[in-house]
Amino acid sequence: IEQTTELLLCLSPTEVANLKEGINFVRNKSTGKDYILYKNKSHLRACKNMCKHQGGLFIKDIEDLDGRSVKCTKHNWKLDVSSMKYINPPGSFCQDELVVEKSEENELLLLELNPPNPWDSEPRSPEDLAFGEVQITYLTHACMDLKLGDKRMVFDPWLTGPAFARGWWLLHEPPSDWLERLCQADLIYISHMHSDHLSYPTLKKLAGRRPDIPIYVGKTERPVFWNLNQSGIQLTNINVVPFGIWQQVDKNLRFMILMDGVHPEMDTCIIVEYKGHKILNTVDCTRPNGGRLPVKVDLMMSDFAGGASGFPMTFSGGKFTEEWKAQFIKTERKKLLNYKARLVKDLQPRIYCPFAGYFVEAHPSDKYIKETNIKNDPDELNNLIKKNSDVLTWTPRPGATLDLGRMLKDPTDSKGIIEPPEGTKIYKDSWDFGPYLKILNAAVGDEIFRHSSWIKEYFTWAGFKDYNLVVRMIETDEDFSPFPGGYDYLVDFLDLSFPKERPSREHPYEEIRSRVDVIRHVVKNGLLWDDLYIGFQTRLQRDPDIYHHLFWNHFQIKLPLTPPDWTSFLMYHGGYKNKIRKRKS
């Protein structure tokens, strides 16, 4: 397998002469692909006209008087083409550059150097599959149970309890035998650390029966199981594997884990191959494997729903009116549908299945989010795919099974997809909130929070500073009104101080209201802020309206791997109190 060079665009000498100083938008008329060229005297830089975030198209940034930046039509991300660095959000990503060369005829060539595709190593020709040999059963959300010959593999088991503190609950009722299915698996793949994929309530039940079950995760910068010890769950066979290398299970079965191009520090996807037949699961990856994926796989599955973020539902002030939010959500969901449909059309899988979006904001206190956070309909996506391609589609229902051998031989075979029996409960209508809310509420009265110095202790532990941002943190009740006796404080991240008033210098400002049970649970246990933000447990305002990537990325991904040392903190404060008492006596 060798690296290849692909010619993306060729400009004639006349077209080269017509390039203006600064930004030039160019299109390859034969392929319809768009590119950006930046000219600075005789020096040229080039990139694809595609935002690294979610593949949006760039246009001229009319706010940029220097003529160096372009703006994405999807989320208003801004790229400085002169440096190939994103300037909104600040401190985030760099754009992948293309090679610019001149031919002997003085043509301008845009080239892309493509590394070899790792899945092409040791290629295998597809063999005929017997009926029933490969079966894929949908359990719920992102959890699939794969029968691959005499082996069973399960993806991302979230089958009980909430995700993201108390913000997400299962939409679908999993089959009643879900725990037995998990226990019978030969291996489990967990794509990333988010709690709708790495579900500790689910794994706790599994560990009670099979603590030695083999679990496979990618070698991400932040370990998927970074919090295992603190969880108290005994799992003894976790395997961390490198990216882009086949993992052999038996002579017929192998799998390969790939990283995400936007969040390589935490997100992964997987290719499973059985007798030469490939199943591609891109899970939640924004740009799986940097956008380079195998084409014409037998089955592809991916997320589709949207709504897995606190933005914009939890924001207020400025432009964030209810009308603006509703229109933004409607537009975003449509963009996501079109993006997924285009991806499926480009990759041409034989069968496509939308999954990993079946959650609901079921707790009564999150009624507003549930009503506002409209999600995509899988059938709408599948209809869009069928309009533009001959790809077969499958909208899964809990307990439904797809027989890959049958579907590949005859897609009209009535036994190709076996639906759950008549009368099977599809949607959950009750959730056991109590035990999980009790765990969160236990943090509210913890002794840590009797000492206001916990604030300095916590944010010093968090380790984010030297950044010009002031945040006001307010503890609230269920309705996001100030919690009686709760903390309301400022953090200045420029010097990590805790002023009584906002500083006089010019500074960006954010106000974060957080439900007291969740924020104290997160602080006490050193958890990531996804529980707050993705779990809809905050309400936010910001001035100016800028996404501070470095701040949020730190608190959502880069916090220390071990929690604050609250034991020493309390010992110090206990000892300090005793000294004061002795002095007084």
- Item | Breaking point among (1) open to solvent by less than 70 Å² (accessible area, probe 1.4 Å); (2) more than 30 Å from Met571 (Cβ to Cβ); (3) of a type in the set (Phe, Trp, Tyr); (4) out of contact with any helix residue (DSSP H, G or I) (no Cβ under 9 Å at 6 or more places or on another chain), for Tyr427 | (1)
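If I filter region 336-344 for residues that are open to solvent by 50 Å² or more (accessible area, probe 1.4 Å), in contact with a strand residue (DSSP E or B) (Cβ under 8 Å, 6 or more places away or on another chain) and closer than 26 Å to Trp158 by Cα, do I get at least one hit?
No, because not a single residue in region 336-344 is open to solvent by 50 Å² or more (accessible area, probe 1.4 Å), in contact with a strand residue (DSSP E or B) (Cβ under 8 Å, 6 or more places away or on another chain) and closer than 26 Å to Trp158 by Cα.
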- Task: Output the number of residues of region 8-30 satisfying the condition of being exposed (fewer than 12 other Cβ atoms within 10 Å of the Cβ) and within 22 Å of Met84 (Cβ to Cβ).
- Result: 2
- Query: Out of region 336-382, which residues are over 21 Å from Tyr533 (Cβ atoms), basic (Lys, Arg) and assigned to a helix (DSSP H, G or I)?
  - Reply: Lys340, Arg342, Lys345
- Message: Looking at region 564-585 only, could you name the residues that are assigned to a loop (DSSP other than H, G, I, E, B) and either closer than 19 Å to Met266 by Cα or at pLDDT below 95 (or both)?
- Response: Ser585
- Task: Among the residues of region 529-545, write down those that are free of Cβ contacts under 8 Å to residues at least 40 places away in the same chain and either open to solvent by less than 30 Å² (accessible area, probe 1.4 Å) or aromatic (Phe, Trp, Tyr) (or both).
- Result: Trp529
- Message: Please pick out the residue among Phe225, Phe243, Phe315 that is within 30 Å of Tyr509 (Cβ to Cβ) and modelled with pLDDT of 95 or more.
- Response: Phe315
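Condition test on Phe449, is it over 22 Å from Gly310 (Cβ atoms), of a type in the set (A, V, I, L, M, F, W, C) and touching a residue at least 60 places away in the same chain (Cβ under 8 Å)?
Numbers: over 22 Å from Gly310 (Cβ atoms): yes; of a type in the set (A, V, I, L, M, F, W, C): yes; touching a residue at least 60 places away in the same chain (Cβ under 8 Å): yes.
Judged against the criteria, Phe449 is a match.
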- Item | Condition met for Asp186 (in contact (Cβ under 8 Å) with a residue 60 or more places away in the chain, open to solvent by 20 Å² or more (accessible area, probe 1.4 Å), more than 24 Å from Phe433 (Cα to Cα) and charged (D, E, K, R)) | yes
- Query: Within region 150-176, which residues are out of contact with any Asp or Glu (no Cβ under 6 Å at 6 or more places or on another chain), under 23 Å from Leu253 (Cβ atoms) and surrounded by fewer than 19 Cβ atoms within 10 Å (Cβ to Cβ)?
  - Reply: Asp150
- Query: What tally of residues in region 58-83 results from selecting those that are open to solvent by less than 20 Å² (accessible area, probe 1.4 Å) and within 20 Å of Tyr339 (Cβ to Cβ)?
  - Reply: 4
- Query: Looking at (1) closer than 30 Å to Leu65 by Cβ; (2) part of a loop (DSSP other than H, G, I, E, B); (3) open to solvent by less than 40 Å² (accessible area, probe 1.4 Å), can you tell me which one Tyr86 breaks?
  - Reply: (2)
- Task: Find the residue count for region 440-494, including only residues that are open to solvent by less than 10 Å² (accessible area, probe 1.4 Å) and of a type in the set (Phe, Trp, Tyr).
- Result: 4
- Inside region 247-297, counting only strands (runs of 3 or more DSSP E) that do not spill past its ends, which hold 3 or more residues that are open to solvent by less than 10 Å² (accessible area, probe 1.4 Å) and in contact with a Cys (Cβ under 7 Å, 6 or more places away or on another chain)? 277-283
- Taking into account only those residues within region 38-49 that are in contact with a Lys or Arg (Cβ under 9 Å, 6 or more places away or on another chain) and open to solvent by 30 Å² or more (accessible area, probe 1.4 Å), which is farthest from Glu15 (Cα to Cα)? Lys48
- Task: Hey, could you check region 89-105 for residues that are part of a loop (DSSP other than H, G, I, E, B) and farther than 16 Å from Gly261 by Cα and say which is least open to solvent (accessible area, probe 1.4 Å)?
- Result: Pro89
- Query: In region 315-335, what residues are acidic (Asp, Glu) and buried (at least 18 other Cβ atoms within 10 Å of the Cβ)?
  - Reply: Glu332
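Out of everything in region 399-415 that is within 20 Å of Tyr358 (Cβ to Cβ) and part of a loop (DSSP other than H, G, I, E, B), what residue ends up being least open to solvent (accessible area, probe 1.4 Å)?
Among residues in region 399-415 that are within 20 Å of Tyr358 (Cβ to Cβ) and part of a loop (DSSP other than H, G, I, E, B), the one least open to solvent (accessible area, probe 1.4 Å) is Ala400.
Each row is one residue, and each column tells you yes or no for (1) assigned to a loop (DSSP other than H, G, I, E, B); (2) touching a strand residue (DSSP E or B) at 6+ places or on another chain (Cβ under 6 Å).
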site	(1), (2)
Thr202	no, no
Pro211	yes, no
Val224	yes, yes
Asn229	no, no
Ile245	yes, no
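Could you grab me the full set of residues in region 202-230 that are open to solvent by less than 40 Å² (accessible area, probe 1.4 Å), within 22 Å of the chain's Cα centre (by Cα) and touching a residue at least 24 places away in the same chain (Cβ under 8 Å)?
Matches in region 202-230: Thr202, Leu203, Ile215, Val217, Gly218, Thr220, Arg222, Val224, Phe225, Asn227.
The values are calculated or read from the model by the stated rules, or taken from the named source; none is laboratory data. On a predicted model such as this, the values are computed, not experimentally measured, just so you know. Cβ atoms come from the backbone with ideal geometry, glycine included; neighbour counts cover every protein chain shown. Ligands, DNA and RNA are excluded from the accessible area calculation, which covers all protein heavy atoms including side chains. Shrake-Rupley method; radii C 1.70, N 1.55, O 1.52, S 1.80 Å.
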